[in-house]
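No lab work stands behind these numbers, since they all come straight from the coordinates. These numbers come from a predicted model, not from an experiment. Positions of Cβ are backbone-derived with ideal geometry, glycine not excepted, and every protein chain shown enters the neighbour counts.
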Amino acid sequence: MLRQSLLLKLQQKLSPQQIQLMKLLQVPTLELEQRIKEELEQNPALEESEDWDAESLPEENQNDDYEDDTRTEAEKEIDISDYLGDDDGPDYKYEANNRSADDEEKVMPISQGTGFHEQLLSQLSWRILTEHERILAETLIGNLDDNGYLRRDLESIIDDLAFTQNINTTAAELERMLQVVQDLDPAGVGARDLRECLLLQLVRKENITDNTFLAKEILEDFFEEFTKKHYDKIKVALEVSDEELKSAIDEIIHLNPKPGNSGTDGTKNTQAIIPDFLIVNQENNLELTLNGRNAPDLRVSPYFKEMLSGYAENKQNKEAVQFIKQKIDAAKWFIDAIKQRHETLLYTMSAIMEYQYDYFLTGDETKLKPMILKDIADKVGLDISTVSRVANSKYVQTDFGTFLLKSFFSESLTKDDGEEVSTKEVKKILQERIDAEDKQNPLTDEKLMELLKEQGYVLARRTVAKYREQLQIPVARLRKELA
């Protein structure tokens, strides 16, 4: 049965301006310049200011309040005075440029070489192959991942060739062409797993020794034991001495597990880090500045203001007036969002710097206090999600390195004397202990727990294991090395 009823419901929605600000807060300095360029391209009412100064404008333009009653109906309807004022100067810049006109512009040159796949195709062109074989080999090369491995099974590639290029082949023929690809440089390309990759490199070694033969035997027959470092099992099965086993393992660990990264595009994912904040220690006084070098001065185009004033006098151009009004609104919103972004970043980073003042003075990680997002949110009066947006993708440059803001946040841990310390302090001690351990008898999680307890850090063994994993340190068995 259908019924009609009245329902009163409160619903909170973010305005377009708030959404724009939230998005800009997440953008790091490195991407801000591109974001501003996109906005400049999309909105003709927004432009960069070149040596613009509001005080240099004619007096009548600065104090034009349009308070007279001679305005047209169109002017009254949209309140043109809101769009013709000159209060939209680039005051969001503050003191954040961090460079003078005399600073030398230094640019890191980036070499553009031949890519990994292109190198293989170039080598393939020198091989004597039929047109059919060449297509098969090129298809195999095209299916190699960035590390040089063939992760797809041959049957799937056979189906692709049949459906996309109408080329019929067999698994045996494709396997034969894969051997041609595996014969290209660097050694190890075209392998289907790590074991095959290492074996391909051993077979191609120029100086074959007894260690090479032993290393090949280990990879062929005891690969699982090798990866798990069950050296005693290998030694007994192959009846070799500790010295012979160590020499063979040295032979293996000096091979390249990722031959595809040997090319010039192996570093293509490397991205320069541009700090969003700079903290300088001036005689034990910390000075914080915002890196605004990628944020140009912005203003609303005076030409669009003149167009609005001209069109508003003609009642027949309401659509044009509305279009100009929307563009000016969008420009003002964007300028205001940039200004609020700068204010929020500075305000939040100032609170973080004050909270971790001792650390930023010395760079000593043991000086880091336990700090969570709520601590800073309460201090600055912002929402936790806002502080999270600031911390997740922003970097700060200090006298002792450049760090991600998120790395300064950590949970607290209570020592046996009641003192609260940061979990980062515990991880630092854990890292130091493992670095200094005897690699022939590495410390187990149980032993690490006892050593930390001696220093007053009472942790469960599973907590020690969790911190070790967060530091990306393997278990004791996998850290063991031969004498």
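Quick one: Karplus J couplings for the range 276-282, per residue in order, coefficients 6.51, -1.76, 1.60, θ = phi - 60°, nearest Hz, x for Gly and Pro?
3J(HN,Hα) across the range 276-282, in whole Hz: 8, 10, 10, 10, 10, 8, 9.
Grab the other residues whose beta carbon is less than 12 angstrom from that of residue 152, score K and R as +1, D and E as -1, and report the net. Before the final figure, lay out each step's value.
On the way: positive: 151, 192; negative: 145, 153, 155, 159, 160.
Net of charged neighbours comes to -3.
What number comes out for the charge environment of residue 172, summing +1 per Lys or Arg and -1 per Asp or Glu over other residues with Cβ under 14 Å away?
Values: positive: 176; negative: 133, 155, 173, 175.
Summing Lys and Arg as +1 and Asp and Glu as -1 gives -3.
Between residue 191 and residues 5 or more places away or on another chain, which pairs have amide H atoms under 5 Å apart, with H built 1.01 Å from N, and which residues are they?
150
Too long at a 30 Å Cα-Cα cut-off: which of 205/233; 229/367; 37/394?
Working: 205/233 27 Å; 229/367 38 Å; 37/394 20 Å.
Exceeds cut-off: 229/367.
Using a ≥ b ≥ c from the Cα gyration tensor of the range 392-483 (square roots of the eigenvalues), is it rounded, prolate or oblate, where a/c under 1.5 gives rounded and otherwise the larger of a/b and b/c decides, a/b for prolate? Numbers along the way, then the final one.
Values: a/c = 2.26, a/b = 1.34, b/c = 1.69.
Oblate shape, in that a/c is at least 1.5 and b/c is the bigger or equal ratio.
Would you mind calculating the gained length between residue 411 and residue 22 on full extension (0.36 nm times residue separation, minus the Cα-Cα distance), in nm to one decimal?
On the way: separation 389, 0.36 × 389 = 140.04 nm, distance 2.59 nm.
Gain on stretching residue 411 to residue 22: 137.4 nm.
What is the sum of charges around residue 349, taking Lys and Arg as +1, Asp and Glu as -1, for the other residues whose C-beta is under 9 Å from the C-beta of residue 349?
Numbers: positive: 394; negative: 276.
Cβ neighbours under 9 Å give a net charge of 0.
From Cα pairs below 8 angstrom and at least 6 apart in sequence, can you work out the relative contact order of the range 433-483, rounded to a whole percent? Walk me through the numbers before you get to the answer.
On the way: 36 pairs, mean separation 24.4, N = 51.
Reported as a whole number, the value is 48 percent.
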